[in-house]
Each structure stands twice: as structure tokens, then as C-alpha cells.
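Participant: Quick one: the structure is below, and I'll ask about it shortly.
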Amino acid sequence: TALEAGTRLGARQLALAASLGFQRIKVHPAPRVVIVPVGDELVQPGSNKPGVFDANGPSLRTAVRDVGAVAIQVHPVTDSNAELREALEDQLVRADVIITTGGLSEGEGDTLRDVLSPLGEVRFDHVAMHPGMNQGYGMLASGGFIEENGRMIPLYALPGQPAAAQIGFEVFVRPMLRAMAGYSDLYRASIPATSTQRWNSPSGVRQFIPVQVTGSPDEGYQFFATSDPAQSQTLTMGALANANALAVVPEDVTEVSIGSSLHCLILDD
């Protein structure tokens, strides 16, 4: 076997294939991912309108591209049932995957559940993780209704809070996109590192803490959190931007001590 299935084809791999006489090679196409930020309060960065700047659109667009998929970012959509449904139906014809952010709160103004129900089968849950407990997943029909078209589109409904959306993407969406693209290695590299600080972690919840990992294979690795780990539910983008890894605290661990070893997902390639 010259090239294993799941190998990304670059210049060297294509040169090998060409030298063996292959004019064409069957490959996995890059998934087309549509990103739909939801919320009346959202405005585009650079806008003079009052509101909250949309951080999820640009950040997820870049994260999708980093996986090797095609990112299609939609302008922020309001919570109006009609506008949200129209935006989603328009994108179903071009998408292999749809990611929404926001609209997951259980208040009267959050209409994502109502809009998605007739478009397919979508489930919303409180996931036992910090940050980002509110998550949704389902399959939407590309024709708008399941009976009209057999092509089903995966949908991931991520939280609106930007740091939670980023971590939700890392945990749930990124491995799926790599699988769709044909990669054999789906997950981030993980290394054990010891904590330089202490904190309490909630029982029954898996924490993902942004950290800076330092050290070397010979000396071992250590990490320090880039924000207060006790406030993981309200994690800021500043903490995530200054991190190079996510320390994972298992559900059955309620106290992290100085010297405790945790697995850390390395974010920097």
C-alpha cells in the first residue's frame, strides 16, 4: 500500500501517486459547513449599531477552515421565527453541516427549538459539562421536510456564549468534521500535565479549563489556568485566547490539587 486511506494529500503524496501512474484518486470532499449566529442583540463587528458584536461567526468560520472544511458564515439572524426559518431553509440546499449558535435559552425570546422542529429531528439537552451545558443536535431535511427529500443534514446547536461555543465545537463538531473529511485521526493530541494550582470541580460534570501547558517530554509537563477555574460556567474569550490547551477534569473528580495530573487537549497545531 503506497498511501493509506485517511491520508491528507499534499505535494509529496500526489508526487508518489503520479509516479505510480495514477491520474485520478478518489478522495473525500471538504464538508460545506454553514454557520448561523442567532440573536436579536447581535451585530457584525465594525458596525455602528448598538448591540453585542458577533464573535461566534468569525471564530467558528476560522475553526471550520482549520479542520479543512469549507466555511459559509451567515450574517446574524434575529429570533423571529419567520426570519430564522427562512435563513435555515435557504442554507439547507448548500450545506453538508449546519452550526447554529445562540437561541438555546429556555425563555420566550429563544425560538430555535420551535423553528427546527418541523425541519427535522432535533434534540436539546443539558450536557454534563462546563462550560456550555445547553447543546442541541439533530438531522434536518434538505428539502425543508423529511418527506420531501431523503438527504439529511447534521445540525449542531451550540451555546451563544463565545467561549462555550468554541469548546462545544472542539468537543463535538471538530471530530465529526474530520471524520466526514476522511481523516483517520479524529481527535486533538492529549498529554498528561500536572496542575500548579488548586480548585474545586463540580461533581458529575466534566470541566474543560483553558490552560497554558509548559514543559518538555523529558522534564514532564505542567499547566496553569488562564482564568479562575471555579468560574468555568462564565468563561471569557480572553481566557481561551491566552490558552494553548484544555485541561479536562473528569466527572468523578471534585478537587484538583497542586501536582494533580490531568489530560490536556492541545489546541495549538
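Bear in mind that the values in this text are calculations on the coordinates, not laboratory data. No experiment lies behind these values; they were computed from the predicted model shown. Please note: Cβ atoms are built from the backbone with ideal geometry, for glycine as well, and neighbour counts cover all protein chains shown.
Participant: Which log10 I(q)/I(0) values, to two decimals, does the chain give at q = 0.11, 0.16 Å⁻¹ under the Debye formula with one point per Cα?
Facilitator: One equal scatterer on each Cα of the chain leads to -0.71, -1.22.
Participant: Moving on. Pick out, from 261, 17, 224, the residue whose Cα sits farthest towards the positive end of the charge dipole of the chain, with +1 on the Cβ of Lys and Arg and -1 on the Cβ of Asp and Glu.
Facilitator: Most positive-ward Cα: 17.
Participant: Using the Kirkwood radius built from alpha carbon pairs, what does the Stokes-Einstein equation give as D for the stretch 1-57 at 20 °C and 1.002 mPa s, in µm² per second? Don't jump to the answer; show the numbers that get you there.
Facilitator: Working: Rh = 15.6 Å.
D = 138 µm²/s.
Participant: Under the 0.36 nm per residue contour assumption, what length would be gained going from the current alpha-carbon distance of residue 194 and residue 3 to full extension? Please report the intermediate quantities before stating the final value.
Facilitator: Working: separation 191, 0.36 × 191 = 68.76 nm, distance 3.81 nm.
Extra length available between residue 194 and residue 3 comes to 65.0 nm.
Participant: Per residue of the stretch 59-74, in order, report the coupling 6.51 cos²θ - 1.76 cosθ + 1.60 (Karplus, θ = phi - 60°) as ³J(HN,Hα) in whole Hz, putting x for Gly and Pro.
Facilitator: These are the phi-based 3J(HN,Hα) values: 5, 6, 4, 5, 4, 5, 5, 5, 6, x, 8, 8, 9, 10, 8, 9 Hz.
Participant: With an 8 Å Cα cut-off and a minimum separation of 6 or more residues, compute the relative contact order for the stretch 14-157 in percent. Write down the numbers at each step before the final one.
Facilitator: Values: 259 pairs, mean separation 31.0, N = 144.
Rounded, it is 22 percent for the stretch 14-157.
Participant: Here is a further query. Quote the charge dipole size of the chain about the Cα centre in Debye, to the nearest 20; the model charges only the Cβ of Lys and Arg (+1) and of Asp and Glu (-1).
Facilitator: Working: 18 positive and 29 negative charges, 219 e Å.
Dipole size: approximately 1060 debye.
Participant: Oh, and also: Given an 8 Å cut-off on Cα distances and at least 6 residues of separation, report the relative contact order of the stretch 183-261 as a percent. Don't skip to the end; give the middle numbers.
Facilitator: Values: 134 pairs, mean separation 36.4, N = 79.
Result for the stretch 183-261 is 46 percent.
Participant: If you don't mind, there's one more thing I want to ask. Out of residues 5 or more away from residue 78 or on other chains, whose amide H comes under 5 Å of its own, with H placed 1.01 Å from N in the peptide plane?
Facilitator: 39
Participant: Which ³J(HN,Hα) values in Hz, rounded to whole numbers, follow from the phi angles of the stretch 34-47 under the Karplus curve 6.51 cos²θ - 1.76 cosθ + 1.60, where θ = phi - 60° and Gly and Pro get x?
Facilitator: Ordered by residue, 3J(HN,Hα) equals 9, 10, 10, x, 10, x, 4, 7, 7, 10, 6, x, x, 6 Hz.
Participant: Could you give the nm distance between label points at residue 257 and residue 241, where each point is 7 Å from its Cα heading toward the beta carbon?
Facilitator: A separation of 3.7 nm, rounded to one decimal place.
Participant: Report relative contact order for the chain in percent, whole number only (criteria: Cα-Cα under 8 Å, sequence separation at least 6).
Facilitator: Numbers: 548 pairs, mean separation 43.0, N = 269.
With pairs under 8 Å counted, the relative contact order is 16 percent.
Participant: Then there is this: Tell me which residues come under 5 Å, amide H to amide H, from residue 104 once H is placed; ignore anything under 5 positions away on its chain.
Facilitator: Under 5 Å from the amide H of residue 104: 160.
Participant: Show me, for the stretch 88-98, the HN-Hα J-couplings you get by feeding each phi into the Karplus relation (A = 6.51, B = -1.76, C = 1.60, θ = phi - 60°), rounded to Hz, glycine and proline as x.
Facilitator: 5, 5, 5, 7, 4, 6, 10, 9, 9, 8, 10
Participant: Mind running the shape call on the stretch 184-269? Use the C-alpha gyration tensor, a ≥ b ≥ c as the square roots of the eigenvalues: rounded below 1.5 for a/c, prolate if a/b tops b/c, oblate otherwise.
Facilitator: Details: a/c = 1.37, a/b = 1.23, b/c = 1.11.
Here the stretch 184-269 falls in the rounded category.
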